[in-house]
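The values are calculated or read from the model by the stated rules, or taken from the named source; none is laboratory data. On a predicted model such as this, the values are computed, not experimentally measured, just so you know. Methodologically, a virtual Cβ is constructed for each residue, glycine included, from the backbone with ideal geometry; neighbour enumeration extends over all protein chains shown.
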Amino acid sequence: MTEMRDVGLTGAAVAPLGRVVATERKPNTPHEFHFWTALDSPVGIGTIVRVEGDQPVNGQIPQIYGIVVEGFSYTDLATPLHDVLGHDGTPGGASLAATHRAEIRLYTAAVLRQMPEEPLQPVPMGRVYLATDDDVWVALRMDGYLKGENPTGIPVGVYRAGGTDAPIYLDADFLIGPEAAHLNITGVSGLATKTSAIEWILASIFAHFPEKKGSVAAVCFNVKGPDLCFLDQPGQIDEADKSLYEKCGVPAEPFEHVQYFAPYKPDGFSLNTLRSNEQLLGNVSSLTWGLREVLQYAEVLLNKDDVDAKADALIDFIRERIVDRDFTDQLLGNKSYRVRSFADLEEWFRDVLSAMENKGNEGWRTHHVATIRKVRNRLSNISTRCAGLVTDDGGVSDLPFGSFQDRTVYVIDVASLEEDAQDLIFARVVTKLREHLEKRDLGVNHVIVFVDELNKYAPTDGQDTYVRKMLLDLAERGRYLGLVLFSAQQFRSQVHRRVVGNSGTALYGRMDADELATPGYAVLSPAVKIKLATLEKGQLMVRHPHFTQPIFVRFPRPAIMRGRDGAEQYPQAVDVELDAAVLRSLRTLDPSLTLGWVREAIGIREDEEVIRARNATLRERPADVKKFFQSQLRPIAVQHTPARPMAPAIRSAPTDDPYGF
Amino acid sequence: MSAIQPSSPTQADASFRAAVRLLASLMPEAAIATGSEPPLETLAQATEPPRTVGAIILEDPAMRAHRVFEPPVAQFAAFLDGTQASRTLYSCDDGTPIVHGTAAAVIRERRNMRLYTRRHIVAHRIYANRRRVPAWLWTRLAESGMELRDTAEDDGGDGPHPFAARDAAIHRLQRDREHAEHTLAEDWCRREDRPLLIDGGISGVEPVARSSCAVGVIKSHRTLYAEGDALVTIFALRRGERSSVFRVASDWRTPVASWYLRLRDRAGTDPMWGLVRVEVAHPDRAGEHTIGARADEVSRWILAEATPVSLPDARWDKMVYGVRDCEEFLRAVI
């Protein structure tokens, strides 16, 4: 058969790969059409095609862009039974047939765009071509934000079909704001798709975010394992990945600027993170908060049963009148209190309660003794439940709010923390980000907050937690401030619909069949669902406000050390004694320090005092670490043992005394 | 291999719908066909009476069954079939029908076990008795560019009964269809030496009838070339058996060698179930002793075409799949 070659409207010689067909039973509509192809055509589910109509409309030949969403194949057999009869019931006989039955490849495509866009008509009969790079631009309306003086394209991957290898761009205005914002990714666990995709997109954003739109940073919550612990370490990628990086114009390198934050373990001096290897501690900081920081978010840690109206009033009183203020009360005699830490607060509670007991009072300043006891119990408990994060001494080591750097990733490792502590960290960090962005003094104009396991933090059902409320607020109002939520979860259907619904961009990795059976995926054709259920690693389905239909793309493996590899190459530091832990932390400031010096400096001091001095040094980051550290330690009074008065000498017997003994 | 482009259809749009539009424009008040009428071929009765004819047996002293022992082998390079469709466009005041007819034929070539169109012919024409059609109408039809066939000279074409005129049109169309088939067959035989399976007899055109590459397979048995015991022998053929080779000759056709072949085991009451008659070029006198071997060889080729079955066609017991494919193609293009 001679190959037909046509000259398309673009002028280039291209071969049509199919023809549009429509029947009364299966008509074309303005949003869907059908076409057939040769049996060996490269068309598949997700392929983008272009239809050239035959009849001009308003003087213009219509061009319709579509994406294949369903495929059919059948022969001229009326029923399968005919084939059985034809081979006498012996399947092996089929191979003896001299001729293959007439067979069709019939595809259904969803319309991506019609040119001209008005009048919107059913798709006409015409020739079907494989979309070229230019066609892909037009079909996905990328021409609107990739051309012109201020392009805002962020590569999300490469669309690949039948020889076409076109980078697909998201619109930064719709990814980071202000038009739309937020990104949500869903997919089964264990394929590293979600984390890898987020790492790749962050790298892409950092490489392509338009200068004119300002600065951007990312705050990532590492909620499990070592996933995000080695973002600054190079990983292994192959040639195929490199070509994808090249195609998308993203450097195949790890993140240049990464800052890690992790609370301490309950011992107060070992960092509670998988990135605790001494070689990597240079950009790891501790995350510790004191009473003031925590009290602002008491409702995160105290549930509604804990905090009734009375308890809430007392907490408010403590926050307003006690913490960080000089406080005296007639009941407490002339003693003056200045509560800065949980330890101070505990002392204050103790004194108040014993004073009430001594005087036989049931109430104090309208607060009943039972309420005071309850609040004391709950608040004191916080420092235990969040040990390592919340310090008794009031020392604060925090993210650099106010001096965030452009194109920097701030990773907060909460993987090993209790749920309460995770909630507290999330609530406080997001609130602080929001406050600073509102005041425009964060240091950057946009912050991307990445939260994994969203179905845990913002579930569809379950109680209305403070964290869920925050996430809803972030999803609904964050884009106006430049606060953008990138979220991930295994089951999108189990995430609050207002969170996922507000995500302008949605990515899908390989999906679980049960998840695909939920109503949220009803808009997808069965073929697209099957494709989603069998997606390879490195493939995503993308929904974006500019794309009228989901698009399948490939993205490269992040040029970052995988968490598992990092954990092997940089094993977690073993728990050590206090002196070694202090040395390990202070060495990040002054590598010349030795264990001997630390031991000498610490001497016989209490652990709390040493930790306080270490924390102060790390916060201050002084030029002379030794001097500063020593200055934070209270001097030890040297005990001078007075000299013993000389006892009078016992008279001794003359050596020649024969009776002497 | 060079592919032959499809023949050009008539310049003017001569399709049934174009003819209907034309007549409607010429006679707005007249009752013109709507297109929902069934083809005339389904209405006309077969005119050839069933009969048996004695034949000269070339292979054996008397008609007998031969088992085709060697396994089937697919050797046909292509398949040829034709079709026709006709509808009455308009009936004149005296009942004379103006018939629209389409004759078509195709060769579907097999490459890598799939069938592709090698060449096809589609011709639309208007058939009518010129003497009975108003002159102005004939003239206007001719001026439109449509090809007209005057059936006045055909058998019964000039009779007053409308059915006779209709049958004459159908017969004329049948000849046009056969002409299309012969054109394609001749072209193949002139250019190729690979075997071509032709649906129907090959004796109608001499170059084809004498070609070694043309094999005709006849499914209809209104004429049986056997009588008496020979007929019993043919009806008793079992699957994979053929009859002795005999000669089919008439005054107006080229003699060919023929035999009966059972493609499928006889089932039910029809003695001709799965039975086809095969025609190949008649051997010259020197080659007559090899005709048996030739019949075995060609029978193996045809038996190989028994799969895939041609269901859902009602004649699937006798129809090879390549011919069904030709019919499907023609159904799509006419």
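Computed values, structure above
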item: Output for the range A:570-586, where each listed residue is more than 13 Å from A:Leu271 (Cβ to Cβ), in contact (Cβ under 8 Å) with a residue 40 or more places away in the chain and surrounded by fewer than 18 Cβ atoms within 10 Å (Cβ to Cβ); result: A:Pro571
item: The listed residue being more than 14 Å from chain A (Cβ to nearest Cβ), polar (S, T, N, Q) and surrounded by fewer than 23 Cβ atoms within 10 Å (Cβ to Cβ), out of B:Thr117, B:Thr34, B:Thr102; result: B:Thr34
item: Identity of the residue in the range B:23-37, touching a Lys or Arg at 6+ places or on another chain (Cβ under 8 Å) and of a type outside the set (D, E, K, R), that ends up modelled with the highest pLDDT; result: B:Leu26
item: Residue within the range A:623-630 that is of a type in the set (Phe, Trp, Tyr), under 30 Å from A:Glu253 (Cβ atoms) and outside any loop (DSSP other than H, G, I, E, B) present; result: no
item: Every residue from the range B:306-323 that is free of Cβ contacts under 8 Å to residues at least 40 places away in the same chain and in contact with a Phe, Trp or Tyr (Cβ under 8 Å, 6 or more places away or on another chain); result: B:Thr307, B:Pro308, B:Val309, B:Ser310
item: Some residue of the range A:563-579 being part of a helix (DSSP H, G or I), farther than 30 Å from A:Ala488 by Cα and touching a helix residue (DSSP H, G or I) at 6+ places or on another chain (Cβ under 9 Å); result: yes
item: Qualifying residue in the range A:533-544 (condition: in contact with a strand residue (DSSP E or B) (Cβ under 9 Å, 6 or more places away or on another chain), in the same structural domain as A:Lys194 (by TED's automatic domain parsing), within 27 Å of A:Gln236 (Cα to Cα) and of a type in the set (Lys, Arg)); result: no
item: Residue match in the range B:68-77 (condition: part of a strand (DSSP E or B) and either closer than 25 Å to B:Asp13 by Cβ or within 22 Å of the chain's Cα centre (by Cα) (or both)); result: no
item: Tally of residues being over 17 Å from the mean Cα position of the chain (by Cα) and in a loop (DSSP other than H, G, I, E, B) across the range A:385-444; result: 23
item: Qualifying residue in the range A:173-186 (condition: in a strand (DSSP E or B), aliphatic (A, V, I, L, M), in contact (Cβ under 8 Å) with a residue 40 or more places away in the chain and surrounded by 24 or more Cβ atoms within 10 Å (Cβ to Cβ)); result: yes
item: Condition met for A:Val307 (hydrophobic (A, V, I, L, M, F, W, C), closer than 26 Å to A:Ala387 by Cβ and not in a strand (DSSP E or B)); result: yes
item: Which listed residue is of a type outside the set (Val, Ile, Thr) and at pLDDT 95 or above, from A:Pro155, A:Pro116, A:Pro80, A:Pro91; result: A:Pro155
item: Scan of the range A:311-362 for residues that are over 25 Å from A:Thr391 (Cβ atoms), assigned to a helix (DSSP H, G or I) and at pLDDT 85 or above, ordered by number; result: A:Ala313, A:Ser354, A:Ala355, A:Met356, A:Glu357, A:Asn358, A:Lys359
item: Residue that is in contact (Cβ under 8 Å) with a residue 60 or more places away in the chain, of a type in the set (A, V, I, L, M, F, W, C) and buried (at least 18 other Cβ atoms within 10 Å of the Cβ), where the choices are A:Ala613, A:Ala559, A:Ala601; result: A:Ala559
item: Checklist (1) assigned to a loop (DSSP other than H, G, I, E, B); (2) more than 14 Å from chain B (Cβ to nearest Cβ); (3) acidic (Asp, Glu) applied to A:Asp88, failing item; result: (2)
item: Any chance A:Glu70 is within 14 Å of another protein chain (Cβ to nearest Cβ) and over 17 Å from A:Leu130 (Cβ atoms); result: no
item: Of the criteria (1) within 28 Å of B:Arg118 (Cβ to Cβ); (2) assigned to a strand (DSSP E or B), which one B:Ile98 fails; result: (1)
item: Criterion (within 14 Å of chain B (Cβ to nearest Cβ), surrounded by 17 or more Cβ atoms within 10 Å (Cβ to Cβ) and out of contact with any Cys (no Cβ under 6 Å at 6 or more places or on another chain)) met by exactly one of A:Ala97, A:Ala131, A:Ala110, A:Ala139; result: A:Ala97
item: Residue check for A:Lys247: surrounded by 16 or more Cβ atoms within 10 Å (Cβ to Cβ) and in contact with an Asp or Glu (Cβ under 7 Å, 6 or more places away or on another chain); result: yes
item: Residues (touching a residue at least 24 places away in the same chain (Cβ under 8 Å) and of a type in the set (D, E, K, R)) located in the range A:516-535; result: A:Lys531
item: Meets criteria (in contact with a Leu (Cβ under 7 Å, 6 or more places away or on another chain) and of a type in the set (Ser, Thr, Tyr)) for B:Ser91; result: no
item: Sole residue being of a type in the set (Lys, Arg) and within 14 Å of chain A (Cβ to nearest Cβ), chosen from B:Arg277, B:Arg300, B:Arg262; result: B:Arg300
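Conditions tested, residue by residue: (1) part of a strand (DSSP E or B); (2) under 41 Å from the mean Cα position of the chain (by Cα); (3) touching a residue at least 60 places away in the same chain (Cβ under 8 Å).
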site: A:His100; (1), (2), (3): no, no, no
site: A:Tyr107; (1), (2), (3): yes, yes, yes
site: A:Ala110; (1), (2), (3): yes, yes, yes
site: A:Arg113; (1), (2), (3): yes, yes, yes
site: A:Glu118; (1), (2), (3): no, no, no
site: A:Gln121; (1), (2), (3): no, no, yes
site: A:Arg127; (1), (2), (3): yes, no, yes
site: A:Asp135; (1), (2), (3): no, yes, yes
